[in-house]
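Below is one structure; the comments refer to it alone.
The values are calculated or read from the model by the stated rules, or taken from the named source; none is laboratory data. These numbers come from a predicted model, not from an experiment. Here Cβ is always computed from backbone atoms with ideal geometry, including for glycine, and neighbour counts include all displayed protein chains.
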Amino acid sequence: MFGRSALRLVVCIAGILATGYACAEDAPAADPARVAAAKELMDVTGMTKQMDGMIAVMGQGFRTGARESAGSAAAESIGKEFDQHMQRMMSYRDQMLEEFAVVYAQRFTVDELKAVIDFYKSPTGQKFIAASPELMQAGAQIGIKYSQKALQGGDSPDK
């Protein structure tokens, strides 16, 4: 059940979570001042650290689901495959961050980006950043819970 298809899905979800939304490949060039402001925002919010944390949480959730679905031996093998794939994907980290900056720069003006940067530099913004890993962990656990319900074929609340 947790083969390459599931691994691809997890990787796609990782990309979407990292940016907050899907972005088109080969996005057109953005204003350099906007890109610089977007990079500052990414730096202030610790996006690289958040990416690492997200991958760790996803790996934990992936292993839990694999263990429950396929058993311990299969889960170990699947977990190693997941880790290898994520390691390969993260070798593109710098390029990904550059593209993330362009995506932000295309959607926000320099003034808007600076306002967001100012927020994240404020005490409340710093508190939000500090809480983000815990919030991400809690969100991942909620996602795992409902993913398991869906895999078990439970009734959907939409029915």
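Values computed for the structure shown
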{"read-out": "Cβ pairs under 6 Å, 6+ apart, first in segment 47-59 and at pLDDT 80 or above and surrounded by fewer than 15 Cβ atoms within 10 Å (Cβ to Cβ), second part of a helix (DSSP H, G or I) and basic (K, R)", "value": "none"}
{"read-out": "Residue list for segment 37-66, restricted to those being in a helix (DSSP H, G or I), of a type outside the set (A, V, I, L, M, F, W, C) and out of contact with any Asp or Glu (no Cβ under 9 Å at 6 or more places or on another chain)", "value": "E40, D43, T45, T48, K49, Q50, D52, G53, Q60, G61, T64, G65"}
{"read-out": "The listed residue being among the small types (G, A, S) and either surrounded by fewer than 14 Cβ atoms within 10 Å (Cβ to Cβ) or farther than 22 Å from F62 by Cα (or both), out of A140, A105", "value": "A105"}
{"read-out": "Test result for F62, surrounded by 14 or more Cβ atoms within 10 Å (Cβ to Cβ) and at pLDDT below 75", "value": "yes"}
